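Asks: Okay, here's the structure, questions in a sec.
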Amino acid sequence: MSRRFRTAGLIAGITGALLVAVPNPIAFAHGGTTFPQTRTYACFVDGLAGGLGGDLNPTNPACASAWQTGDRFAFWNWFGNLISNAGGRHREIIPDGQLCGPNPSFASFRAARLDWPTTTLLPGSTITMRYNAWAPHPGTWSSFVTKDGWDPSQPLKWSDLEATPFNEVTNPPLNGSGPQGAEYTWSAQLPSAKTGRHIIYTIMQRSDSTEAFYNCSDVWFGPGGPPPPPPPPPPPPTTCTVTYTNTATWNNGFTADVKITNTGTNPAFGWTARWSFPSGQVITGFWNSEILQNGADVTAINVRWNTRIDPGQSVTFGFQGTHGGTNTPPASLTACQTPGSEAAQALKATQTAGPMGVVKHLFSDFLVTLHSHDHHLH
């Protein structure tokens, strides 16, 4: 039995254990405003659309910036923008500038930008507010709106909000259904005199605990909608060195490691490594990367947990393969280019071609789940 299939058996065992050991997400998940969309939910949806069925890949400029500079688990945990011991003391415990991300994991969503995903609303109209109930909790939802003349180029402050909420509801019915599950819904009349860009700030204070949730919904009051966001700037250039090492060789088999080091001054967000085997080597198993081989040509792409390489830092991935008696290392390797659509589509095809693709994704999901569990603070 090959090492790859022995590994598959190990993964299957680990995955089975995982189903017993990891608690149901409902035990610690909560909710967020889905209409008008809170920033965290809007960027999660944007990342899903850009990811084309794989990992999140936000394309909205503000969401992409939050993804690159902040805690990426916050995107998957979009419903967890909370403070556990708020107890109604929101203005006392949340400093100005941190309203949209009072939990440090959500700090990247505090940024004052004009290109967050935005919902267009008609002033004075009655809308149906929607709030995802990832885990239902009783409580009160209070929705404030920014004052006329507030400065959207600065992070949101308490003084930017109108003194009283324009809508407040306690224990609304759990009677809606949305893309991410059950939703609370209720009617709310919007302020009649608002125009242009604003933020609707919704606080959900639980009545069965001191926990509270915070939602910044970027909105545009009036016809026409906001101007489209400018295209994102091109990614900064990065330079990398690549080291290829044969770690073991036997009969007609071998293992090897590839180490990529960022020698530039900017982080690398996503990387690929490419080389050509000179001696007919064939890769039969791999770890810490996704690998596609076409004849002698090999492309390796980052996986979810090693996407970013900071300046001076390295990532290492490895593989097992076969050879025909000669195991000459490749003469040259290139790395650090962001994965292209052609390579990504080819990898997607190979991942869905057979059971090993399924096992590989199970193992990836297992590691991501462990990473997510380590990040969860509540």
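Asks: Can you pull the one-decimal nm distance between simple spin-label points at Thr255 and Thr334, each 7 Å off the Cα toward Cβ?
Replies: Using points 7 Å along Cα→Cβ, the separation is 3.0 nm.
Asks: A follow-up question, please. With all protein chains present and a 1.4 Å probe, how do Val282, Val258 order by accessible area, largest first? Let's see the in-between values first.
Replies: On the way: Val282 70, Val258 0 Å².
Solvent-accessible surface, decreasing: Val282, Val258.
Asks: Rounded to whole Hz and in sequence order, give me ³J(HN,Hα) for the stretch 274-282 from the Karplus expression 6.51 cos²θ - 1.76 cosθ + 1.60, θ = phi - 60°, writing x for Gly and Pro.
Replies: Couplings: 10, 7, 10, 6, x, 10, x, 5, 10 Hz.
Asks: Quick check: pseudo-label points 7 Å beyond the Cα along Cα→Cβ at Thr245 and Gln68, how many nm apart are they?
Replies: 3.2 nm
Asks: Hey, another quick one. Compute the distance in nm between two label points, each set 7 Å from the Cα along the Cα-to-Cβ direction, one at Asn306 and one at Thr210.
Replies: Each label point is offset 7 Å from its Cα along the Cβ direction, giving 4.3 nm.
The values are calculated or read from the model by the stated rules, or taken from the named source; none is laboratory data. As the structure is a prediction and not an experimental result, all values here were calculated from the model. Glycine also receives a Cβ, built like all others from the backbone with ideal geometry; neighbour counts cover every protein chain displayed. For accessibility, only protein heavy atoms count, side chains too; no ligands or nucleic acids. Shrake-Rupley method; radii C 1.70, N 1.55, O 1.52, S 1.80 Å.
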